[in-house]
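I have placed the structure first, in the form of structure tokens, so that the comments after it can refer back to it.
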Amino acid sequence: MNPAELLFGSNLVATATPMNPDGALSEPGLADLVDHLLATGCDGIVVNGTTGEAPTLSDAEATWIIRTAVARADGRARVIAGVGTYDTAASVRRAREAEAAGADALLLVCPYYSKPTQSGVIAHCVAVADATELPVMLYDIPGRTGIAMELLTLLELAEHPRIRAVKDAKGDLFEAMTVMARTSLAYYCGIDELNLPYLASGATGVVSVVGNVAADRNAELIRAVRTGDLDAARSVQRGLLPLVEAIMRTSQGAIMAKAALAELGIIPHPSVRLPLQEPEPAHLRRLAEALTTVAVPA
């Protein structure tokens, strides 16, 4: 087993944050969602990330989500807490609060909006990694942050003893393979459309939005790649394409993941917080068709 699996798991889900129509957090919804993820083979629950609508969560809400997920998981899966912001001091504070709340690891996004230099990115990540004893998964997603973690930045950050993994939503597979070859950083694919090529290239696992409703299929995919059965892996990935397209390429991932969970009766409401909005009817029809085509059980 890759050492990173002990820290983070391999079949990780970028977990949605269940909410009521008034925008309040739903405790029954979160409990039911964690139970569902565990029942479908998820071994890493990523909370307070992009799909969890982290920018809309207060510090108190973020801590409550961690505590609730940790208590519900009860050691059956790792709970990885997103703590990244564009403010280093705030990220350090959230990291310490996550540790106190029982998180097993941290997810640290590249600072967004401010567009720091690469030396600033490094200083930010080191400050957060130094703030707790928890292992850190870097989150490289330039499409949202405005900047990437460049190759030399990743190589330097890999020297930190607590920075152990990368969630790669950049999609530069050659760079990912280069970092994997030159460091001990474990890679997790953060782009559902590319799970198979990343796994086949040596990634430890996935951090999947589609996994909110298809973690069992991702488990099959990971298992097939590891056993060298690429025909089976391709079959799983091809079978998932309609659902990947409906969730990731129709509207927006958090919106559609919640809609899918609500459609299946796993959470009671698909409510999101502004500036996100619930999907339009055409998107819901497309999602329902994909859930039927992929045969996701309700």
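The values are calculated or read from the model by the stated rules, or taken from the named source; none is laboratory data. Computed from a predicted structure; not experimentally measured. All Cβ positions, glycine included, derive from the backbone under ideal geometry; neighbour counts span all protein chains shown. To get the accessible areas, we keep the full protein, side chains included, count just its heavy atoms, and leave off ligands, DNA and RNA. Shrake-Rupley method; radii C 1.70, N 1.55, O 1.52, S 1.80 Å.
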Percent relative contact order for the chain, counting Cα pairs under 8 Å at least six residues apart, stands at 19 percent
In the range 3-231, what percentage of the DSSP-assigned beta bridges are antiparallel, given to the nearest 5?
5 percent
May I ask you to give the percent of accessible area on the range 3-231 that is carbon plus sulfur, with a probe radius of 1.4 Å?
52 percent
Take peptides 201-210, 142-151 and line them up by average Cβ neighbours within 10 Å, highest first, as a rough protection proxy.
201-210, 142-151
Would you tally the net charge around Ala254, using a Cβ to Cβ cut-off of less than 10 Å, leaving Ala254 out, and scoring K and R as +1, D and E as -1?
+1
Report the rotationally averaged projected area of the range 3-231 based on its alpha-carbon convex hull, in square nanometres.
11.5 nm²
Per residue, accessible area of the chain with a 1.4 Å probe, heavy atoms of protein chains only, in Å², comes to 41 Å²
Find how many whole Å separate the alpha carbon centroid of the range 255-284 from the alpha carbon centroid of the range 113-130.
34 Å
Taking r as the C-beta separation of Ala60 and Leu274 and R0 as 22 Å, the FRET efficiency to the nearest 0.05 is 0.70
Under 17 Å from the Asp35 label point (7 Å along Cα→beta-carbon), backbone N, the range 215-237
none
